[in-house]
Structure formats: structure tokens, C-alpha cells
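Have a look at the structure below, then the notes.
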Amino acid sequence: SIKGAWHADYRYYNDNWGVNSSTLALSLHKKWEKLTFVPSFRYYAQSAANFYNPYASLVVNGDAELGVQRANYFSDDARLSEYGAIAVGLKVVLNQKSMDWSAGIEYYQADEEYLTGVSDAYSHPGMIEYVRFTLGVDHTF
């Protein structure tokens, strides 16, 4: 069996723009001598804002071919689109008496394919993917 401290977090969010989101995060904090290993996984999904449209430039004048209607306000910002994302990471912490040193790596990918339901909204064509490296120091006094 894997001994350690399991962490599980769930967060739900909604607002008056029509955005609803869910985040599920899981991690295991495993100590070994002066080191702590923290593998993690996070899943995120959100619906699009009511005024999101990836073809916002066409909305200004309308475009009958795409079925886009003229709107008073709109946005093509990817952060307001419908999408899902996953993140997988590993953090290693060197525990010392008054200082902890940490290093981590996380892989993140956003894509409409990670949505759990059937999408009827526009998805953004430019979903992102990255690898993040972190270094940290915690001092206790």
C-alpha cells in the first residue's frame, strides 16, 4: 500500500455570465527521510460565457453563412470559452529545520475534448499547452 497523506479537493463555480466550472484535484504527500514527494493531478471543465463567440470579428456586421447574429457585446477571449483541462505534476521538497526547498514540474493541456458532456457552444480554436517549472523556499521563524 502507498502510505502518505492523500489530498482531494473539489471546487464548483458559477457566475451571472453563464460560466459554470468544476475543478477536481488529487495529490499524494509522501515523506521519505528529509524529502517529501508530491505527485498531483487536476481536472478542470467550464462552460462558455453567454457572450463568448470565437468569430467575434464577424459578429460586428453579422454573417448569415456562419449563422452568426449581430450582438451588442461579445468576446473571443479563450478564457471565456467552453473547455476542459488536465494538469499532471510532481513536486519535491527538501525539509530542513527552518527552511524547505522545493522544485516542481507541471504539464498542463487545455482542450474541448476534455469536456465530459456534449458541447453545443463554440470552442476556442487556440487551446494552450505548457510545461511549468517552479523553485521555492519556505522559511519558518
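The values are calculated or read from the model by the stated rules, or taken from the named source; none is laboratory data. Every value quoted in this text rests on a predicted model; they were computed, and no experiment measured them. Cβ coordinates were reconstructed from backbone atoms using ideal geometry, including for glycine residues, and neighbour counts include every protein chain displayed. SASA here: full protein model, heavy atoms, side chains in, ligands and nucleic acids out. Shrake-Rupley method; radii C 1.70, N 1.55, O 1.52, S 1.80 Å.
Observations on the model:
- Here the 3J(HN,Hα) profile of the stretch 96-112, calculated from phi with Karplus coefficients 6.51, -1.76 and 1.60 at θ = phi - 60°, is 10, 4, 10, 9, 10, 9, 9, 9, x, 9, 9, 9, 10, 9, 10, 6, 5 Hz, Gly and Pro shown as x.
- In summary, the aspartates and glutamates within cross-link reach of LYS91, defined as a Cα separation below 18 angstrom excluding same-chain residues under 8 places away, comprise ASP9, GLU33, ASP100, GLU106, ASP138.
- Ligands, DNA and RNA excluded, the heavy atoms of SER21 present near 10 Å² of accessible surface to a 1.4 Å solvent probe.
- Where a label projected 7 Å from the Cα of LYS3 along Cα→Cβ would reach, residues of the stretch 23-46 with amide N under 16 Å: 29-37
- Sequence of LEU80, LEU94 from largest to smallest accessible area, 1.4 Å probe: LEU94, LEU80
- Less than 5 angstrom separates the built amide H of ASN50 from those of GLY18, VAL19, all sequence-distant by 5 or more or on a different chain.
- At full extension, ARG11 and GLU113 could sit 34.7 nm farther apart than now, given 0.36 nm per residue minus the alpha carbon distance.
- Accessible surface computed residue by residue for the stretch 1-44, with neighbouring protein chains in place and a 1.4 Å probe, gives 78 Å² per residue.
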